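The values are calculated or read from the model by the stated rules, or taken from the named source; none is laboratory data. Since we're looking at a predicted model, the values are computed, not measured. Note that we place each Cβ from the backbone using ideal geometry, even for glycine, and neighbour counts take in every protein chain shown. Accessible surface is based on the protein model in full, side chains and every heavy atom, while ligands, DNA and RNA are left aside. Shrake-Rupley method; radii C 1.70, N 1.55, O 1.52, S 1.80 Å.
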Amino acid sequence: MRISKIVVFALGWCALGMSSAQTVINLYSARHYPTDEALYSEFTRSTGIAVQRVDADDAGILARLRSEGSASPADVILLVDAARLWKAESEGLFLPINSKILESAVPGHLRSKPNEKGEFAWFGMSTRARIVVYDKSKIDRQQVDTYEKLANPSFKGQLCIRSGSHPYNLSLFGAIYEHMGAAATETWLKGLVANMARSPKGGDTDQIKSVASGECAVAVTNTYYMARMLRSNNSVEKAMAESLGVVFPNQSSWGTHVNVAGAAVARHSKNSAAAIKFLEYLVSPSAQNHFANGNNEWPVVRDLKFDNPALKTMSGGDFKSEVIPISAVGMNQIKVQQMLDRVGFK
Ligand code: FE
């Protein structure tokens, strides 16, 4: 477990004339995007509630919550993947949420399953699509316009992809399982392993660069890594990204797989009302715009106007995303992990 830093956003304390009795929420965040800081300070400015942030990776946050137990000071948890959200939910680390604002803002398939009282363990706050990038000199777009085609034997030795056990891939494979069923998913995974240019290593950005450098011809990545390169001040990285073809797979079938970054209230929160207020703030138009423009994600709130040229360039303005429940995707990870072990997907 690695806790990298603790930051208190107390902007507005003086301006609002708040005393030391001011409400503070403790936010455990796996979102380590510098642009998120503006989000938290805006919340403090408008509500007077200070945000004390603990940054760690997802596994670190879960480990910390487990060890702190009922003494945990955590109020809000931000995690960046459906598989991890489901895991934390299944371990009972979240407090069920009852909020009409969240229920009307976040589409039904982008949140946890409701409990018997109709309450939710977590809500998606932003989405990211898992797309295909390819070398236009070696591959035609229609050869890679579905996830299924990545297992085509004609791509032997040409596929780059990060570890199968990484939550981004577990969620993608969990979605494929939902769409195609167990047997077809395992055959497909076997095909991916057979097509690998090298054994999985690195993050999504490394896969993009491996296509640009010619090590492989096709790779899988989350959209924001590609958008980050397209908007990069580093001209070499920018040129690499611009040279590649981009496909949002399965536009004529079930739609491209999208994952969520989501938020929850900690099981032992002593400030659950303020925590819910923070979650409700995250679905406000200005917070949703931060997600879109700051970290190149798509807002979960429908029909929200935002302007991100990189997202527009990649998707051609809009794209069809899958609408299966993201909660089911998270739940499939255990079955998928067993398949990965069987087919030797490291
Ligand atoms: Fe990421």
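Some notes on this structure:
- Ordering of 182-189, 164-171, 254-261 by packing [mean C-beta count within 10 Å, highest first]: 254-261, 164-171, 182-189
- Among SER41, SER154, the order of accessible area from largest down is SER154, SER41, computed with a 1.4 Å probe on protein heavy atoms.
- Point-to-point label distance, LYS320-GLU215, nm (Cα→Cβ direction, 7 Å offset): 3.4
- Sequence-ordered 3J(HN,Hα) estimates for segment 100-107 from the Karplus curve with 6.51, -1.76 and 1.60 and θ = phi - 60° stand at 5, 4, 5, 5, 7, 7, 9, x Hz, glycine and proline given as x.
- Its DSSP H runs of at least 4 residues, each contributing -39,500 (n - 2.57), put the calculated 222 nm mean residue ellipticity of the chain at -11500 deg cm²/dmol, to the nearest 500.
- In segment 50-178 the Cα-Cα distances spread across 10 Å bins starting at 0 as 10, 33, 29, 17, 10, 2 percent of all pairs.
- A crude spin-label estimate for the pair LYS270 and ALA182, with each label 7 Å from Cα along the Cβ direction, gives 4.7 nm.
- Using all pairs of distinct alpha-carbon atoms, the Kirkwood hydrodynamic radius of segment 287-341 works out to 13.5 angstrom.
- Peptides ranked, highest mean first, by Cβ atoms within 10 Å: ranges 302-312, 316-326: 316-326, 302-312
- Hydrodynamic radius of segment 205-265 per Kirkwood, over alpha carbon pairs, in Å: 13.0
- Once the Kirkwood radius over Cα pairs is known for the chain, the Stokes-Einstein relation at 37 °C and 0.692 mPa s delivers a diffusion coefficient of 158 µm²/s.
- Across all directions, the average flat footprint of the convex hull enclosing the Cα atoms of segment 169-318 is 11.8 nm².
- All Cα-Cα separations within segment 133-203 were binned at 10 Å from zero, giving a P(r) of 20, 53, 26, 1, each value a whole percent of the pairs.
- Calculated diffusion of segment 74-122, Stokes-Einstein form, Kirkwood radius summed over Cα pairs, 37 °C and 0.692 mPa s, µm²/s: 289
- Contour excess over end-to-end distance, with Cα ends at SER90 and ARG45 and 0.36 nm allotted per residue: 12.8 nm
- Calculated FRET value between ALA328 and LYS190, using beta carbons and R₀ = 25 Å, to 0.05: 0.65
- Pairwise label distance in nanometres, PHE306 with LYS138, each label 7 Å out on the Cα-Cβ vector: 3.3
- Using alpha carbons only: equivalent-ellipsoid semi-axes of segment 230-314, gyration tensor based, whole Å: 32, 17, 13
- Calculated FRET efficiency for the pair SER243/SER70, C-beta based, R₀ 56 Å, to 0.05: 0.55
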